[in-house]
Amino acid sequence: MIDHGKAGDCCDVDSFQLISNLIEDIQLLSSEVVRLRYLLSWHLSKEDGETIRGEIVGDLHGGYSDYSAYRHFVSEYCDGYDPLESERFCGHLAKLSKGERSDEFRSLTF
């Protein structure tokens, strides 16, 4: 994901590679949380299950735009688009939240 030619120095490259890896981990874990919330929601009472499915993609990760390093990474390597809020990732989560299969991001379970 990182184009090492864009980073200004070794510290930038290391920092941006770390941020890139953390984003991939957050995307993976968010995907798994949504999958598991969906599956578990069907084992709850009807009312509780409907509530869980209605909030299935809520509170998956914190907001990182408060951090200058994250803002710089998004600006420099993501053309200003937050990868955790991208249309592709949000669409992936939307599919999972309905029990649909989505192979957009790697998975731990299937």
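The values are calculated or read from the model by the stated rules, or taken from the named source; none is laboratory data. As the structure is a computational prediction, the values presented were derived from the model and not from experiment. Here Cβ is always computed from backbone atoms with ideal geometry, including for glycine, and neighbour counts include all displayed protein chains.
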Limited to the stretch 72-108, what total is found for residues that are part of a loop (DSSP other than H, G, I, E, B), more than 16 Å from Ile26 (Cα to Cα), touching a residue at least 24 places away in the same chain (Cβ under 8 Å) and charged (D, E, K, R)? 1
Of the residues in the stretch 76-110, those that are within 16 Å of Ser20 (Cβ to Cβ), modelled with pLDDT under 90 and surrounded by fewer than 12 Cβ atoms within 10 Å (Cβ to Cβ) come to Arg106
Among the residues that make up the stretch 31-51, is at least one of them in a loop (DSSP other than H, G, I, E, B), of a type in the set (Val, Ile, Thr) and in contact (Cβ under 8 Å) with a residue 40 or more places away in the chain? no
Of the residues that sit in the stretch 30-59 and are of a type in the set (Lys, Arg) and within 25 Å of Ser102 (Cα to Cα), which one is farthest from the chain's Cα centre (by Cα)? Arg53
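For (1) touching a strand residue (DSSP E or B) at 6+ places or on another chain (Cβ under 8 Å); (2) modelled with pLDDT of 90 or more; (3) surrounded by 12 or more Cβ atoms within 10 Å (Cβ to Cβ), each residue gets a yes or a no:
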position: Val13; (1), (2), (3): no, no, yes
position: Ser20; (1), (2), (3): no, yes, yes
position: Leu29; (1), (2), (3): no, yes, yes
position: Leu36; (1), (2), (3): no, yes, yes
position: Leu39; (1), (2), (3): no, yes, no
Given the conditions (1) in contact with a Ser or Thr (Cβ under 7 Å, 6 or more places away or on another chain); (2) closer than 19 Å to Leu22 by Cβ; (3) not aliphatic (A, V, I, L, M), report the number of the one that Gly49 does not fulfil. (2)
So in the stretch 56-75, with the set limited to residues that are charged (D, E, K, R) and modelled with pLDDT of 90 or more, which one is farthest from Ile23 (Cα to Cα)? Asp66
Looking at the stretch 60-71, is at least one residue under 15 Å from the mean Cα position of the chain (by Cα), in a helix (DSSP H, G or I), under 21 Å from Cys90 (Cβ atoms) and without any contact (Cβ under 8 Å) to a residue 24 or more places away in the chain? no
